[in-house]
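Student: I have a structure I would like to understand better, so I am pasting it below and will then ask my questions one at a time.
None of the figures in this text is laboratory data; all of them are computed from the coordinates on show. Because the structure is predicted, anything quoted here is derived from the model rather than measured. FYI the Cβ positions are ideal-geometry reconstructions off the backbone, even for glycines, and counts take in every protein chain you see.
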Number of protein chains: 2
Amino acid sequence: MTTSLDFVNPRVRAIRVSEQTLLESLKPFKGVIDVSSGDPHRTGMKPISFVRQVLAVCLYPHLLQDNPFPPDVKLRAQRLLQICEGGSLGSYTASSGLHHVRQTIADFITKRDAGISANPKNVFISSGAQRALMVVVKLLSGGEGLTKTGILAPQPCPHTLPPLLDEAGVLAVPYRLMEDRGWALDLNQLRQALESYRGRCNPRAIYISNPGNPTGHVQDRKSIQEVVQLAAAEKLLLLVDEVYQDSVYGQNTEFLSYKRVLFEMGREFSETVELVSFHSLSCASVAECGLRAGYMEAVNMDPDVLKVFDTMLCTDISAPTTGQLALDLMLNPPEPGDPSYDTHAQELLLTRTVLTRNAERALEVLNDLPGFSCQPAMGGIYLYPRVQLPAEIREQAEMLGLEADVFYCQKLLEEEGLLLGKR
Amino acid sequence: MTTSLDFVNPRVRAIRVSEQTLLESLKPFKGVIDVSSGDPHRTGMKPISFVRQVLAVCLYPHLLQDNPFPPDVKLRAQRLLQICEGGSLGSYTASSGLHHVRQTIADFITKRDAGISANPKNVFISSGAQRALMVVVKLLSGGEGLTKTGILAPQPCPHTLPPLLDEAGVLAVPYRLMEDRGWALDLNQLRQALESYRGRCNPRAIYISNPGNPTGHVQDRKSIQEVVQLAAAEKLLLLVDEVYQDSVYGQNTEFLSYKRVLFEMGREFSETVELVSFHSLSCASVAECGLRAGYMEAVNMDPDVLKVFDTMLCTDISAPTTGQLALDLMLNPPEPGDPSYDTHAQELLLTRTVLTRNAERALEVLNDLPGFSCQPAMGGIYLYPRVQLPAEIREQAEMLGLEADVFYCQKLLEEEGLLLGKR
């Protein structure tokens, strides 16, 4: 009999990088790379030149004169310097971000959502999506015991979510995702979670990660519609983590934002359902994790509540200017015909191709490992395998007098270059 | 009789920039500049070239090849890129900051404090000093009613402090600073505040701003020693906001850190008194407010408490890399003999000279205004005038049927170019 290793968090902390046998070490891999942080630059992905060139010029405007940057880089840098107080990245910005960048974000959303308009005053820039989420969750928090705020949270969920809910003093109400359907969201699971926790806490919101972290699932229109209908019926706020929206690679898979689906469901929903969507500079293809910026768009939220939100963001002062401007460059990239367009398009394509290939390759590797089975990903940067201790490992461990799970982990590391870790 | 205008927060929101009479407007000033944010770049101060050059190269390392930057700029950029994961500013860092930068900070502190050593593991980098302070205050918070955490806070205090304490759920226990002694800290005021609030809350820390925001006062050794003795006797944590430590210009005035004084008082104090000191990229002469970085050093704090602190900082992910590297450049500037040394020294000198002159000029202007009196500043970037409604203004307003304070504010704006505002 095999036993489930449920108590070991099966998040993959590293995958083998090469199967080439090295005679020196006799191992079928060259080394172990830590990819658990979801940090592409750390593992060798290259920054996008246009973003970095414009930021370099903004930081040191003398480069406008004597450096051979393409003219659109210089033009953009000049425009961005104009929106900074005193023409310097060293000035504070409003706590919710530079107005110009909020407008760029609103324009991007409008275009992404086939013309459904976004208003910059509902867009708030923060030092990362995580930070904006924390502030919203704190706004919702309250109560004690049976009245304590609850937020429906998927299982599995981003590893950052449980400590965030915990610090905000909110109860996580777990709903299971369906592994056998590629980690799809099942409405019955949501309903059951809600029913079983009503009376035990005060459920106020549904948190959704789409494209899914760590599952790689991407919801289709029907699935999103069902969630919206439930939120409408139960008067729940939708907290939608859409930070991997530009990393979708599954066949016939398209990213549809919750906002777009909501608005295409008609006014009954588009004028009532409260929704907050998060996006991030770190999780997008540009992957500028170190520059720290993200944003949220609030839909159908009470303006007075947004004022409180803004006040709470104030204690952070603001997101860094370098991150804010990088958001602007990411969401308003060079257009066809611009001098930087070709290079930029090639770099982005390369980034996305590598991501897609890595997802396929990692899936193969995982499914080849003894005891592993893994659903393919349709988007995002994670895979979420199931791990079951093989019977022969258990027997070998018993013979050697070792703990079976420790023995298994050692074998995976020594023989496959895969490190299993507890979060 | 004159009446105090205590209900109008006398923070000066703008000072007149020129007395030259403009015939067009017949006003004795050209315009009104908002200096209330304490943001030097916004009002025209120039960034420090060395900081910006190195950051530009770090962001776009191709500049190492083809740009005529001084060799020490390139060398430093190369060194800083090596400490970033994957050689990119786009990678996450540890939540408490890049180890190399924490070491630079520790070295700076050691040098500043005449050799009293600092350990990088007690240094935590955050997205600004404000953010680190918030996390520490939250660690201290707790209790309800009579057991609620109290923190002694000066009056006047930085305008950001009351909302911070409030959000953290901590009671501010006010102690008065002595205006007639240039806003010096008086130990009796601290003692009285403590006595009158003991039993009404649980005082756990003393917050001190030195050089003083908004008072401009700089404490001498004796004054700091008294506070340390009180903290030791009453087992209070010292939260010392030292963000203006490099902006001291009063005659015969020297900045002494609380840590240095504490250690020079002998082991009875240096091994027991808990102290947290804050410094900031925004408030220092480089004034890189937009890049968002600051740090705190903890002294005599329980390592387990620091672990919790680190975990709490984790929800921010980390301070932006651009800010962290700017801290490194600020605290480890070019040395004599380095190619960038002369320019760098001149730029810093200019910045400090302008600051000193502005402080003198603003003091003259304020003391010339009807109803104003102001203590000179010894450091920092604020002046804190007393405002008393002149008798003739009150009479004129009465004749005109206007509210006296509104009339007074209008006259100051129209005739002097000075805008009084409520925070």
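Student: Could you work out the mean projected area of the convex hull around the alpha carbons of segment A:94-195, in square nanometres to one decimal?
Tutor: Taking the Cα atoms of segment A:94-195, their convex hull projects to 8.7 nm² on average.
Student: Additional query: By count of other Cβ within 10 Å, fewest leading, how are A:Met296, B:Met134 ordered? Walk me through the numbers before you get to the answer.
Tutor: Working: A:Met296 27, B:Met134 20.
Ranked by crowding around the Cβ, least crowded first: B:Met134, A:Met296.
Student: Place the label 7 angstrom along Cα→C-beta at A:Asp342 and in each other copy, then list the distances from the first to the rest in nm, shortest first.
Tutor: 4.4
Student: Among the aspartates and glutamates, select those whose C-alpha is under 16 Å from the C-alpha of A:Lys235, and discard any that sit fewer than 8 residues away in the same chain.
Tutor: Output for A:Lys235: A:Glu195, A:Glu226, A:Glu268, A:Glu271, A:Glu274, A:Asp302.
Student: Quick one: label points 7 angstrom along Cα→Cβ at B:Arg191, distances to the other copies in nm, smallest first?
Tutor: Taking the point 7 Å beyond Cα along Cα→Cβ, the inter-copy spacings are 7.2 nm.
Student: Kindly put A:Arg361, A:Arg267, B:Arg386, A:Arg292 in sequence by how many other C-beta atoms sit within 10 Å of each C-beta, fewest to most.
Tutor: Result, fewest neighbours first: A:Arg267, A:Arg361, B:Arg386, A:Arg292.
Student: For the protein assembly as shown, taking Cα atoms only, what is the radius of gyration to one decimal and the Dmax to the nearest whole Å?
Tutor: Reported Rg and Dmax, both Å: 28.9, 103.
Student: Further, regarding this structure: Computed FRET efficiency, Cβ-Cβ of A:Gln192 and A:Tyr341, R0 35 Å: what is it to the nearest 0.05?
Tutor: 0.10
Student: Out of residues 5 or more away from B:Cys201 or on other chains, whose amide H comes under 5 Å of its own, with H placed 1.01 Å from N in the peptide plane?
Tutor: Placed amide hydrogens put nothing under 5 Å from B:Cys201.
Student: Same structure again: Determine the distance separating the Cα centre of segment A:246-278 from the Cα centre of segment A:73-138; give it in Å without decimals.
Tutor: Each part's Cα centre sits 21 Å from the other's.
Student: Note the per residue figure in Å³ for the convex hull of the C-alpha positions in chain B.
Tutor: Per-residue hull volume (Cα only) is 168 Å³.
Student: Please order B:His62, A:His217 by the number of other Cβ within 10 Å, starting at the fewest.
Tutor: B:His62, A:His217
Student: Using the C-alpha gyration tensor of segment B:272-354, what are the square roots of 5 times its eigenvalues, in whole angstrom, with the largest one first? It would help to have the intermediate numbers written out before the result.
Tutor: Working: eigenvalues 186, 47, 29 Å².
Rounded to whole Å, the semi-axes are 30, 15, 12.
Student: Taking GluC sites (Glu not before Pro) that fall in a DSSP loop and have at most 14 other Cβ atoms within 10 Å as cut points, what is the longest piece of chain A between them?
Tutor: It runs A:272-402.
Student: How large, in Å, is segment B:92-331 by the Kirkwood hydrodynamic radius built from its alpha-carbon pairs?
Tutor: With all distinct Cα pairs of segment B:92-331 included, I get 17.9 Å.
Student: Work out, in µm²/s and without decimals, the Stokes-Einstein translational diffusion coefficient of segment A:366-423 at 25 °C, 0.890 mPa s, Rh from Kirkwood over C-alpha pairs.
Tutor: Approximately 197 µm²/s, per Stokes-Einstein.
Student: Enter the Cα centre distance for the pair segment A:153-167 and segment A:366-423, rounded to the nearest angstrom.
Tutor: Cα centres, segment A:153-167 to segment A:366-423: 24 Å.
Student: A further question on this structure: Can you flag which of A:Lys111/B:Lys74; A:Lys138/B:Lys307; A:Lys111/A:Lys307; A:Lys74/B:Lys27 are past 30 Å Cα-Cα?
Tutor: Long pairs (Cα-Cα over 30 Å): A:Lys111/B:Lys74; A:Lys74/B:Lys27.
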